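**Q** Mind looking over this structure? Questions follow.
The values are calculated or read from the model by the stated rules, or taken from the named source; none is laboratory data. Just so it is clear, the structure is predicted and the values come from calculations on it, not from any experiment. Quick reminder, even Gly has a Cβ in these numbers, built from the backbone with ideal geometry, and neighbours come from all protein chains shown. Note: accessible area is taken over every heavy atom of the protein model, side chains too, but ligands, DNA and RNA are not part of it. Shrake-Rupley method; radii C 1.70, N 1.55, O 1.52, S 1.80 Å.
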Amino acid sequence: MPLIKINDREYEVKPGAQLLQTALDNGIEVPHYCYHPGLSIAGNCRMCCVEIEGMPGLQISCNVTIGELPEERKIDGKYDMVINTESEEVKDSRSRVLELLLLNHPIDCPVCDQAGECLLQDYSFEHGSAHSRFTEEKRVNPKKQLGPEVWIYPNRCILCSRCVRFCEEIVGDPQLMVRNRGYSSIIDVRDNQPLDNKLSGNTADICPVGSLVSNDFLHKTRVWNLVEEDTICMDCSVGCNLIVGVSKEKIQRIKPRLNKEVNDYWMCDDGRIGYHAADELERLQSPLIKEGDGFRPVSWTEVFDFIADKTVANGKLSPDKIEIIGSAYGTNEENYLLKKIADGLSLPEGNRSLYPGEMEGDAIIFKSGFRISPDKTPNRRGALDMLGLKNSGLADSLAAKIVYLLQGGVHDLMTESVNEILKKSEFLIVQSAYLSDEAKLADVVLPGTFHYEKNGTMTNDRNRVQRVRGVVQTPIGVKEDWEVIAEFGGALGIKNMSYESVDDITDEIAVRVNEYEGITVEKVGSLGSDLNREKESVQEIAP
Amino acid sequence: MEKILTKNIETENSHRISVYMESGGYEAWKKVLKEMSPEEVTDIVKESGLRGRGGAGFPAGLKWSFVPKVDKPKYLVCNADESEPGTFKDRLLLEKDPHMMLEGIVIASYAIKANTAFVYIRGEFANQTVLLLEAIQEMKEKGLLGKNILSSGYDLEILVTRGAGAYICGEETALLTSLEGKRGYPKIKPPFPAVEGYLRSPTIVNNVETLCCVPHIINNGTDWFKSIGTEKSSGPKLYCVSGHVRNPGVFELPMGVPLKELIFDHAGGILHNRKLKAVIPGGSSTPVLTESEIDINMDFDSVAAAGSMLGSAGIIVMDENTDMVDACYNLSKFYAHETCGQCTPCREGVPWMKTILGRITNGKGRNRDINLLLDICKSIEKRTICPFGDAAVAPVKSYIEKFREEFDYYIEHKKSMIQKNVKSLDAVN
Ligand SMILES: Cc1cc2nc3c(=O)[nH]c(=O)nc-3n(C[C@H](O)[C@H](O)[C@H](O)COP(=O)(O)O)c2cc1C
Ligand code: SF4
Ligand code: SF4
Ligand code: SF4
Ligand code: FES
């Protein structure tokens, strides 16, 4: 293992390690712009220069690989590389590069969405000089919308080429290019075609300055007003890891969070703006009981008494007349509790199912391997596992049955045939955050949570269990889906249905469900944990 | 000196293969195919001391020996993008003796075991491209190129690619990116082209004139080659002399010829008998020399010792009437126009220098401008992806250092210090 010294501290590194990343990984700040760990090395910004003993001048640390030196050539008898990231020479170089980057920069931070998380702002504060020696006219180009998700403010561009490399290397569709040459270089779309690939929003994330900005987030709020929470995406079975920025109790923006096992540094645009799916939906505030053509709002006590009365009271319960339908939009915990109810009521095997049915189609796979699944539910895998099912979809007939359906999502799923099936049920309970088409058919509606309010875990289509965190609060008076299910179970007389928190259910799953053994809250952590399952055997089932 | 590289140029139809072969052309190629291994060819070229004529003077044989023994195709690229201001030697070879270059290409390709060679030719060389394509066709007809050449089992194709007008595409890594069909951006090193060049395969880039020397080395041996020129810069050299001289042109002389001899004997001295003021010795990218600094020999090491570079041996002579501020501005316009714009210091710094120089020649200079210019040079130098940055700095820095009083005068008086020497304008040429 090579031994290196950076600014008087020793580090052991893997042979072939990349110098800049090694420094960053060890908490040594080396300012840089064009380097991005998910992209090829461009070496164009010249900001990451460091001094390396035995090499002339300064070196760009992003293009240095650390190897092992033969014994007799080791520096001071033991080092394979000796690096100084803070010498006068290095500092001088940084401020020179910064001066040049800022020559034509408008420094319009007060109106720039990047302000607060801008590498130009940060570094010039630390390494730059206060006044500009540039008194010539600045280069000016108008802002423009490049595609549905992205705007460019070219005057702020530092031509680091991250966005261009992203389109070439990750998307595999070079929609962005440098137009013109030299001083007139400008980032632009190719052939006047919009930047409309499904990953386009990532370009705004990786732009180190406020040149590419998100259309969805444009001038919405200042980034320092955001509270950021980790969770995963609710818009397909891949389960990209996310950082969600919230302010005023609303989601303001969604960005990908690095997870090499799942989504790398990226996410798709559908997921990025997927939170808007709930924007127009009218929230249910209290349980509803059907009355004539409409519904009557009732209290939680009343609704559960009503349900108990219809189902188990007076010994009317007949297990084969009850159907419990879980949701591929629901968490593992929600579906697990439903299975617990089904078992508690001794329902026959066939009286559990999963809604909605399989979603057909081809995955979209990009050059880097990034994948968007045709299955737009986030937790089909986990829901099937929890419910002990092999396949999704409603039973052909629910006639004369008491049916509980967890709607769980925020998307309209109703089809002609689902409508037919549900209509035939004798007594329909639907749990949904809004008056969905399914809920409209119900005798009883239990209000639940929207997608980004859920807490618990989900299992993606590659068998990785991941943590879901409610990034926004459920409104006052509304319970979380798992709480509603737990109380529903209690009303039906099922034992052990009370939990302090959703984490207790996760940990119970880690004991009770075969392949989830040991997958506790702690084990899942922030990056998830793979199931103890051979990948292939499940791949067939996974859509 | 006996002419070597230019021996055929006065002959009628010198670009035809028949003329070339009558004067012993392709004998070296035949000898190589029959008698020599690729390693032997590389060794001879190494031994000859041949240094690259494209500007950097890197030993050719040594470069060839860097090609790794990997299971990838290898490529040879002839750099015929000649665009350095003051340089027009490759053009002469391309026009008058394309077969000499082609013979160099095939031998070099053989030495590095390439089965494909490229000629990357300057886009403006339209007629030369036609001649080149004809010459390649002639070679094929004679069986000197193609599959199983002269029954040796060796295959080689030569492909011609035209540049699209960017000076930077003469820089070898930019040339390779352009050759790959991409925007002509230089690449960061490492990797070096000899290891990872065209399509990430080992690639050797050599200048036209460098390759033209190769057949002569094979024919006449290394001792002969080393007997021409100096110890560390062997062989013949084409010098391009332009500017305020009576007889501008390309002159073939040994490496290390005295600069004064070139200017005053071969190029006929200064126009109108004016006084010589300054000389750019190796193309516009090399630091300028003052009248008192030109007592040097034109080989790589001597010019370097004088603080400049032999570069492409594009010698630009300036007489006493030259306004050095304006000349500096003129060159800075060229570099500001030609920067590829990839890396920060060059993209931003070089045009900034141009703007300041433009302001000075417009009578709007400020006292602090000169130090600012020198400091911008510092911000660019050695901090760029490719040597273009240093090339753009060289004129500005050296002009200011050596002709500072002209810059100061311009700023103070808002006009040039140079009073044109009208009297000598009337002198007989
Ligand atoms: C800005 C720039 C422009 C260049 N232009 C040319 C050119 O037009 N022709 C050329 O042969 N070499 C040119 N070079 C040098 C090449 O990069 C390279 O060193 C050369 O082609 C190698 O050939 P040689 O070893 O035979 O000299 C240029 C270099 C730079 C930095
Ligand atoms: S738009 Fe942003 S990411 Fe793209 S080159 Fe400019 S600064 Fe870099
Ligand atoms: S790929 Fe799927 S999980 Fe990832 S962001 Fe898109 S919709 Fe969400
Ligand atoms: S030094 Fe200039 S020409 Fe070379 S890569 Fe950088 S910007 Fe381009
Ligand atoms: S980060 Fe290394 S040159 Fe830009």
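**Q** Suppose the Debye formula is applied to equal point scatterers at every Cα of chain B; what is log10 I(q)/I(0) at q = 0.06, 0.11, 0.13 Å⁻¹?
**A** The Debye formula, applied to the Cα set alone, gives -0.26, -0.84, -1.13.
**Q** To the nearest 0.05, how large is the calculated FRET efficiency for A:Glu10 and A:Ile41 if R₀ is 25 Å and r is the Cβ-Cβ distance?
**A** On the way: r = 26 Å, r/R0 = 1.02.
The calculated FRET efficiency here is 0.45.
**Q** How much FRET efficiency would the formula 1/(1 + (r/R0)^6) give for B:Leu62 and A:Gln145, where r is the Cβ-Cβ distance and R0 is 56 Å, rounded to 0.05?
**A** On the way: r = 53 Å, r/R0 = 0.96.
Step by step, r from the Cβ atoms, then E = 0.55.
**Q** Would you work out which of A:His32, A:Phe306, A:Trp482 lies farthest towards the positive end of the dipole of chain A, given +1 charges on the beta-carbon of Lys and Arg and -1 on that of Asp and Glu, about the Cα centre?
**A** So the residue we want is A:His32.
**Q** Okay, moving on. Give me the percent of DSSP beta bridges within the protein assembly as shown that run antiparallel, rounded to the nearest 5.
**A** Numbers: 67 of 107 bridges.
Looking only at bridges with both residues in the protein assembly as shown, the antiparallel portion is about 65 percent.
**Q** Another question about this same structure. Which Cα, out of B:Gly311, B:Leu253, B:His266, lies furthest along the positive dipole direction of segment B:236-319 (beta carbon charges, K/R +1, D/E -1)?
**A** B:His266
**Q** Restricting to bridges with both residues inside chain B, how much of the DSSP beta-bridge set is antiparallel, in percent to the nearest 5?
**A** On the way: 18 of 39 bridges.
Of all bridge pairs located within chain B, approximately 45 percent are antiparallel.
**Q** With every protein chain left in place, what is the accessible area per residue of segment B:236-319 in square angstrom, probe 1.4 Å?
**A** Counting only protein heavy atoms, the per-residue value for segment B:236-319 is 30 Å².
**Q** If a paramagnetic tag sat 7 Å from the Cα of A:Ile107 along the Cα-Cβ line, which residues of segment A:29-50 would have the backbone N under 13 Å from that point?
**A** none
**Q** At 7 Å along Cα-to-Cβ for each site, give me the label-to-label distance between A:Ala363 and A:Arg73 in nm.
**A** So the label points at A:Ala363 and A:Arg73 sit 4.4 nm apart.
**Q** Now, a different point. Suppose every K and R has +1 on its Cβ and every D and E has -1 on its Cβ; what is the size of the dipole of segment B:17-226 about the Cα centre, in Debye to the nearest 20? Present the calculation step by step, with values, prior to reporting the outcome.
**A** Working: 25 positive and 27 negative charges, 116 e Å.
Using Cβ point charges on Lys, Arg, Asp and Glu, segment B:17-226 gives about 560 debye.
**Q** Roughly how many nanometres apart are two label points built 7 Å out from the Cα toward the Cβ at B:Glu27 and B:Asn13?
**A** Here the modelled spin labels are 2.2 nm apart.
**Q** So what is log10(I(q)/I(0)) for chain A at q = 0.06, 0.09, 0.11 1/Å, when the Debye sum runs over its Cα atoms only?
**A** Listed by q, the Debye log ratios stand at -0.38, -0.76, -1.00.
**Q** To continue, here is another question. Of A:Ile322, A:Met414, A:Gly357, which is farthest towards the positive pole of chain A's charge dipole, taken about the Cα centre with +1 and -1 on the beta-carbons of Lys, Arg and Asp, Glu respectively?
**A** Toward the positive end, the furthest listed residue is A:Met414.
**Q** Under the definition of Cα pairs under 8 Å and six or more residues apart, what whole-number percent is the relative contact order of chain B?
**A** Details: 874 pairs, mean separation 67.1, N = 429.
Reported as a whole number, the value is 16 percent.
**Q** Note down the nm distance, to one decimal, between modelled labels 7 Å out along Cα→Cβ at B:Lys69 and at A:Lys310.
**A** For the pair B:Lys69/A:Lys310, the computed spacing is 8.3 nm.
**Q** Residues of segment B:13-51 with backbone nitrogen within less than 17 Å of a virtual label 7 Å along the Cα-to-Cβ line of B:Asp223, please, listed as ranges.
**A** Counting only backbone N, you get B:44-45, B:47-49.
**Q** Follow-up question, since we're still on this one. Treating only the Cα positions of the protein assembly as shown as identical point scatterers, give the base-10 log of I(q)/I(0) from the Debye formula at each q in 0.05, 0.07, 0.08, 0.10 Å⁻¹.
**A** -0.45, -0.75, -0.88, -1.15
**Q** So what is Rg over Rh here for segment B:236-319, counting just Cα atoms and using Kirkwood for Rh?
**A** Numbers: Rg = 11.1 Å, Rh = 12.1 Å.
Taking Rh as the inverse mean 1/r over Cα pairs, Rg/Rh reads 0.92.
**Q** Just need the relative contact order of segment A:1-144 here, percent rounded to a whole number, with Cα pairs under 8 Å and 6+ apart. Could you put the intermediate results ahead of the total?
**A** Details: 189 pairs, mean separation 33.1, N = 144.
That works out to 23 percent.
**Q** Ok, one more. Kindly provide the chymotrypsin sites (Phe, Trp or Tyr not before Pro) of segment B:1-84 that DSSP labels as loop, not H, G, I, E or B, and whose Cβ sees at most 16 other Cβ atoms within 10 Å.
**A** Hits after loop and neighbour filter: B:Phe66.
**Q** Below 8 Å between Cα atoms, with a sequence gap of 6+, how large is the relative contact order for chain A in percent? Don't skip to the end; give the middle numbers.
**A** Values: 1091 pairs, mean separation 57.3, N = 543.
Value for chain A: 11 percent.
**Q** Among B:Phe264, B:Phe251, B:Phe300, whose mean-square fluctuation peaks in a Gaussian network model of chain B (Cα, cutoff 10 Å)?
**A** Evaluated over chain B, the most mobile residue of the options is B:Phe264.
**Q** With charges set only on the Cβ (+1 for Lys and Arg, -1 for Asp and Glu), what does the dipole of the protein assembly as shown come to about its Cα centre, in debye to the nearest 20?
**A** Working: 113 positive and 142 negative charges, 511 e Å.
With Lys and Arg at +1 and Asp and Glu at -1, about 2460 debye.
**Q** Please average, across the residues of A:37-44, the number of beta carbons from any other chain that are within 10 Å of each residue's own beta carbon, and give a whole number. If you can, show how the numbers build up before the last one.
**A** Numbers: counts 0, 0, 0, 0, 1, 6, 8, 11.
Other-chain Cβ atoms within 10 Å of each residue's Cβ, averaged: 3.
**Q** Could you look at segment B:17-226 and say what percent of its accessible area is carbon and sulfur, using a 1.4 Å probe and all protein chains? Walk me through the numbers on the way to the answer.
**A** On the way: 4130 of 7990 Å².
Here carbon and sulfur together make up 52 percent of the probe-accessible area.
**Q** Averaged across the residues of B:346-357, what count of C-beta atoms belonging to other chains lies within 10 Å of each residue's C-beta?
**A** Whole-number average of other-chain Cβ neighbours for B:346-357 is 5.
**Q** Roughly how many percent of the accessible protein surface of segment B:279-429 is carbon and sulfur, given a 1.4 Å probe and a whole-percent answer? Provide the component values of the computation, followed by the final result.
**A** Values: 2780 of 5630 Å².
Summing carbon and sulfur atoms, their accessible area is 49 percent of the total for segment B:279-429.
**Q** Right, another one. When N counts the residues of segment A:397-477, how does its alpha-carbon radius of gyration compare numerically with 2.2 N^0.38 Å, as a ratio? All intermediate terms of the calculation are to be shown ahead of the outcome.
**A** Details: Rg = 14.7 Å, N = 81, 2.2 N^0.38 = 11.7 Å.
Normalised Rg, Cα atoms only: 1.25.
**Q** Please figure out what share of the DSSP beta bridges in segment B:17-226 is antiparallel and state it in percent, rounded to the nearest 5.
**A** Details: 2 of 19 bridges.
Taking every DSSP beta bridge with both residues in segment B:17-226, the antiparallel ones total about 10 percent.
**Q** Only Lys, Arg, Asp and Glu count, each charged at its Cβ (+1, +1, -1, -1), so figure out the dipole size of segment A:3-98 about its Cα centre, rounded to 20 debye. Could the numbers behind the result be given before it?
**A** Numbers: 10 positive and 16 negative charges, 75 e Å.
Dipole magnitude for segment A:3-98 comes out near 360 debye.
**Q** Put B:Asp299, A:Asp196, A:Asp92 in order of accessible area, largest first, 1.4 Å probe: what do you get? Can you show the working numbers first?
**A** Details: B:Asp299 5, A:Asp196 85, A:Asp92 50 Å².
Output order, biggest surface exposure first: A:Asp196, A:Asp92, B:Asp299.
**Q** Could you list the residues of segment A:225-241 with an amide nitrogen less than 20 Å from a label point located 7 Å from the Cα of A:Ser526 in the Cα-to-C-beta direction?
**A** Counting only backbone N, you get A:225-234, A:239-241.
**Q** Right, another one. What's the FRET efficiency of A:Leu258 with B:Glu35 using the Cβ-Cβ distance as r and R₀ = 56 Å, to the nearest 0.05?
**A** Values: r = 61 Å, r/R0 = 1.08.
Rounded to the nearest 0.05, the efficiency is 0.40.
**Q** In segment A:453-510, what percent of the accessible surface is made up of carbon and sulfur (1.4 Å probe, ligands and nucleic acids excluded)? Walk me through the numbers on the way to the answer.
**A** Working: 890 of 2150 Å².
Carbon plus sulfur share of accessible area: 41 percent.
**Q** Counting other Cβ atoms within 10 Å of each Cβ, which GluC sites (Glu not before Pro) in segment B:1-70 have at most 14 and sit in a DSSP loop?
**A** Details: sites: B:Glu2, B:Glu10, B:Glu12, B:Glu22, B:Glu27, B:Glu35, B:Glu39, B:Glu40, B:Glu47; in loops: B:Glu2, B:Glu10, B:Glu12.
For GluC sites (Glu not before Pro) across segment B:1-70 that sit outside H, G, I, E and B with at most 14 neighbouring Cβ atoms in 10 Å, the list reads B:Glu2, B:Glu10, B:Glu12.
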